[in-house]
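The structure under discussion appears below in the form of C-alpha cells.
Just so it is clear, none of the values below were taken in a lab; they were calculated from the coordinates. Only a predicted model underlies this, so the values are computations on that prediction, with no experimental measurement involved. Virtual Cβ from ideal backbone geometry, glycine too; neighbours counted across all protein chains shown.
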C-alpha cells in the first residue's frame, strides 16, 4: 500500500530526511513542495476526500527530496555521496 501525504506532511517528511542527512539544512515548506511540482520533480498522486487537496506518494517525495538535495550540493561543489 502506498502512503499518501498532503503537501504539509510531505514537507515535514522531506525536512526530517534532510535533517538526518545534512546538519543545518533548511526546512522544506509547502511552497517548496509546490515548486517541486511546478519544476517536474514531483507529481500529485491523487486528491484528499475534500476533492481539493493534492496528495503525494511518500516514495515520490523521497525521490524529489534526494534529487533536489543532490543538485543543490553539486551547485556548491560538493559531490553526491553514495548511499545518501
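So the values come out like this:
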item	result
Distance in nm between pseudo-label sites at residue 38 and residue 3 (7 Å out along the Cβ direction from Cα)	2.8 nm
Estimated D of region 4-75 in µm² per second, where Rh is the Kirkwood radius over Cα pairs and Stokes-Einstein applies at 10 °C, 1.306 mPa s	130 µm²/s
Among 36-48, 54-66, the order from most to least packed when residues are scored by Cβ within 10 Å on average	54-66, 36-48
